[in-house]
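**Q** Below you will find the structure I want to go over with you.
Every read-out reported here was derived from the displayed coordinates using simple, explicitly stated rules and does not represent laboratory data. Treat the numbers as computed from the prediction; the structure is a model and nothing was measured. Ideal geometry is used to build each Cβ from the backbone, glycine not excepted, and the neighbour counts take in all protein chains shown.
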Amino acid sequence: MVTKIGLDLGYANITVSDASLEVGREPSIAIIDKNTRRIISVGRDALSAENAAEGILVRPFKNGILYSAEFTKEIIREALKVINTSENIRAVVGVPDEFNSKQESELASMVWEEGVNECFFVKRAVAGLIGAGYAPTISAVSVNVGAAKTEIAIIYQGTIIYSATADVGGEDFDEAVQRYILEQGELNISLIDSKAIKEGIGAVWDGRCADPITITGTLALTGNKIKMSVSSEDILGVFEKPLFELLDAVANGVKRIPIDYVEEIFANGIVLTGGGAKLFGLDKMMSKVLGVSVTMANNPEDCVARGLSLVNTFLPIKMRNNGKNITTQLSKYYKSNNKK
């Protein structure tokens, strides 16, 4: 027997999903000793120890590149603890658009070392679309807004005709809040607090009704800690720069659609996935600016992992390309499975 899982190795979290689409999440961070460079803690333990004086925070998947094989394996090992099985494990792993075959080979070796018997790679933007409930044979624009980057794929009848990665993600919106509060109130706040502000009261479209949020920060001049109340009105326009970068990247993708494919692709429009897509009004703003219908997926932060799990359910029992990227073959596997 085989346990089939989806494994999304994200900048902020590693997300694991099994065939039942149950999701487990582990922060993809490690704390290392300043002097020895040895790992002190990983995942949730590292998150709680983020500000430990003796440690340095590292992210193995920063900018889509493996920072360290050692740290990567440690975090993968921690994430796979949610898979309690004595069976063989087959994983479909999400990778960024810019990952090359050498990086995939390195990552495959790490995943195998941590107990996975077979692994196959799928681009995150495609997996996100499948996890949002669409078949791999669809025509649509997939936009997966991650923590650090946004992955875009233009798909026509299951074939990727354009894909790209933009250097803008959810944490750019968090940092915009952080900078704004420092500039306006000379108050330093953590990215955790700025993210809470973004998620609690942030918006890029009218209509959000939310109570003000009270945060604690450090005055830049004196170092004294004070509490501050922040309302939606206080941060109007704060997201302008990252929002422009995101919309511009998607617009560049939409411009690449051949005229003969436009009608069919626009029938499904843009599908938004990824945790960074949850910013209030992003779907409405994107639709207004680009003139294309935009659908926000349910639980967008889980779509890639769920999509990877779903891919695993329609792959053949016997696969020959262990450790390879199978994104371009998904439509074939899906059609073959649905003939049965």
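**Q** Specify which residue in the list I226, S163, N13 is farthest towards the positive end of the charge dipole of the chain, using unit charges on the beta carbon of Lys, Arg (+1) and Asp, Glu (-1), about the Cα centre.
**A** Of the options given, the answer is S163.
**Q** Hey, if you put +1 on the Cβ of every Lys and Arg and -1 on every Asp and Glu Cβ in the chain, which of L308, F280, N338 ends up farthest toward the positive end of that dipole?
**A** The residue sitting farthest along the positive end of the dipole is N338.
**Q** For I138, which sequence-distant residues (separation of 5 or more, or a different chain) have an amide H within less than 5 Å of its own amide H, given hydrogens modelled in the peptide plane?
**A** For I138, the qualifying residues are G158.
**Q** How many nm is it between the label spots at Q157 and T36, if each spot is 7 Å from the Cα in line with the beta carbon?
**A** Using points 7 Å along Cα→Cβ, the separation is 6.0 nm.
**Q** Would you mind ranking L9, L107, L182, L221 so that the residue whose beta carbon has the fewest other beta carbons within 10 Å leads the list?
**A** Values: L9 27, L107 22, L182 15, L221 7.
Ranking L9, L107, L182, L221 by Cβ neighbours within 10 Å, fewest first, gives L221, L182, L107, L9.
**Q** If amide H atoms are built 1.01 Å from N in the plane of the peptide, which residues on other chains or at least 5 residues away come under 5 Å of the amide H of C119?
**A** Close amide H contacts, sequence-distant or interchain: A91, G323.
**Q** Another question, then. What FRET efficiency would be calculated for the residue pair K332, S293, taking the C-beta separation as r and a Förster radius of 25 Å, to the nearest 0.05? Before the final figure, lay out the partial values.
**A** Details: r = 28 Å, r/R0 = 1.13.
Using R0 = 25 Å, I get an efficiency of 0.30.
**Q** Now for a separate question. For the chain, just the Cα atoms, rotate onto the principal axes and tell me the three extents in Å, largest first.
**A** If we take the Cα atoms of the chain, the spans are 67, 54, 31 Å.
**Q** If you keep only loop residues by DSSP, which trypsin sites (Lys or Arg not before Pro) in the range 186-289 have at most 11 other Cβ atoms within 10 Å of their Cβ? Show your work: numbers first, answer last.
**A** Details: sites: K195, K198, R208, K225, K227, K255, R256, K278, K284, K288; in loops: R208, K255, R256.
Those that pass, being in a loop and sparsely packed, are K255.
**Q** Test of understanding: ordering C119, C209, C303 by Cβ neighbours within 10 Å, fewest first, what list do you get? Walk me through the numbers before you get to the answer.
**A** Numbers: C119 22, C209 7, C303 30.
In order of increasing Cβ crowding within 10 Å: C209, C119, C303.
**Q** Can you pull the percent of Cα pairs in the range 170-235 with separation above 18 Å? Please report the intermediate quantities before stating the final value.
**A** Details: 642 of 2145 pairs.
Here the tail beyond 18 Å accounts for 30 percent of pairs.
**Q** Most exposed first by the Cβ proxy, i.e. fewest other Cβ within 10 Å, how do E26, E113, E98 rank? Display every interim value, and only then the final one.
**A** On the way: E26 23, E113 12, E98 15.
In order of increasing Cβ crowding within 10 Å: E113, E98, E26.
**Q** Kindly write out, for the range 156-168 in residue order, the coupling ³J(HN,Hα) from the Karplus curve 6.51 cos²θ - 1.76 cosθ + 1.60 (θ = phi - 60°), rounded to whole Hz, with x marking Gly and Pro.
**A** 10, 6, x, 9, 6, 9, 7, 8, 7, 10, 9, 7, 8
**Q** Would you please give the FRET efficiency between K339 and N100, computed as 1/(1 + (r/R0)^6) with r the Cβ-Cβ distance and R0 = 35 Å, to the nearest 0.05? Walk me through the numbers on the way to the answer.
**A** Working: r = 34 Å, r/R0 = 0.96.
E(calc), rounded to 0.05, equals 0.55.
**Q** If each of M1 and T85 carries a label point 7 Å out from its Cα toward its Cβ, how far apart are those two points in nm?
**A** Between M1 and T85, the label points sit 0.9 nm apart.
**Q** Please give the direction-averaged projected area of the C-alpha convex hull for the range 176-276, in square nanometres with one decimal.
**A** Numbers: hull surface 31.6 nm².
With every direction weighted equally, the projected area is 7.9 nm².
**Q** Still on this structure: Might you report the magnitude of the Cβ-based charge dipole of the chain about its Cα centre, with Lys and Arg at +1 and Asp and Glu at -1, to the nearest 20 debye? Walk me through the numbers before you get to the answer.
**A** Working: 36 positive and 42 negative charges, 230 e Å.
The dipole magnitude comes to about 1100 debye.
**Q** Let me ask you something else. Please give, to one decimal in nm, the separation of the simple spin-label points placed at V262 and A69, each 7 Å out from Cα toward the Cβ.
**A** So the two model labels end up 5.0 nm from each other.
**Q** So for the chain, taking the charge dipole from beta-carbon charges (+1 Lys/Arg, -1 Asp/Glu), which of N144, N88, L191 sits furthest toward the positive end?
**A** Positive-end residue among those listed: N88.
**Q** Let me know the charge dipole size of the range 170-235 about its Cα centre in debye, to the nearest 20, where only the beta-carbon of Lys, Arg (+1) and Asp, Glu (-1) is charged. Don't jump to the answer; show the numbers that get you there.
**A** On the way: 6 positive and 12 negative charges, 52 e Å.
Using only the charged Cβ atoms, the result is roughly 240 debye.
**Q** From the square roots a ≥ b ≥ c of the eigenvalues of the alpha-carbon gyration tensor of the range 222-316, which class results: rounded (a/c under 1.5), prolate (a/b over b/c), or oblate?
**A** Values: a/c = 2.95, a/b = 1.54, b/c = 1.92.
It comes out oblate by the Cα gyration axes.
**Q** Please work out the FRET efficiency for the pair D206 and D45, using the Cβ-Cβ distance as r and a Förster radius of 51 Å; give the result to the nearest 0.05. Can you show the working numbers first?
**A** Working: r = 41 Å, r/R0 = 0.81.
Using R0 = 51 Å, I get an efficiency of 0.80.
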